[in-house]
Amino acid sequence: MSEQIARQIVLGQRPKGIVHSLKITMLDGTEGLLPVTFRYRDRVEFGEFLDSLHGVQVPNFDGTAANASKQLQRGAVQINGQYILSCLEDWGLDVPLTLDNCIQLAREIPAAVQAVMETYRQICIEGRLGN
């Protein structure tokens, strides 16, 4: 077993991107892999990032009870899609990283979005990946 040698901490050296592979439990119970490259943000920049999401344009809510749940979910996937697009530099899917494709991911595989969001929070707030 090889020992990993600790490196001295050096301030001011920002990583260009953080490469990670997320394991996602798919709807059918199998495990899927989502390779991503996260944008590096420090804690303050992460707060600014979250604040910027408050300005995301979501579909208009017409207030009718008949469409309330649909409209609420449409708004959620729009915001989640914008979050994914804004926190990633790249992903290993067979489609380009675009807002429309991020929204499609949020609609079809919500567990993937939750995994991306939680992992990104851990990176930016706690400064680590996983446990």
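If a residue must be among the aliphatic types (A, V, I, L, M) and open to solvent by 100 Å² or more (accessible area, probe 1.4 Å), how many such residues does the stretch 1-43 contain? Break it down stepwise before answering.
From the stretch 1-43, those among the aliphatic types (A, V, I, L, M) are 1, 5-6, 9-11, 18-19, 22, 24, 26-27, 33-34, 36; that's our starting set.
So of that shortlist, the ones also open to solvent by 100 Å² or more (accessible area, probe 1.4 Å) come out as 1, 5, 9, 11, 19, 27, 33.
Number of matching residues: 7.
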* Asked: Going through the stretch 99-131 one residue at a time, which ones are part of a loop (DSSP other than H, G, I, E, B) and open to solvent by less than 50 Å² (accessible area, probe 1.4 Å)?
  -> Ile109, Gly130
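The values are calculated or read from the model by the stated rules, or taken from the named source; none is laboratory data. Values in this document were obtained by computation on a predicted structure and should not be read as measured data. Keep in mind that these areas ignore ligands, DNA and RNA; they rest on the heavy atoms of the full protein, side chains included. Shrake-Rupley method; radii C 1.70, N 1.55, O 1.52, S 1.80 Å.
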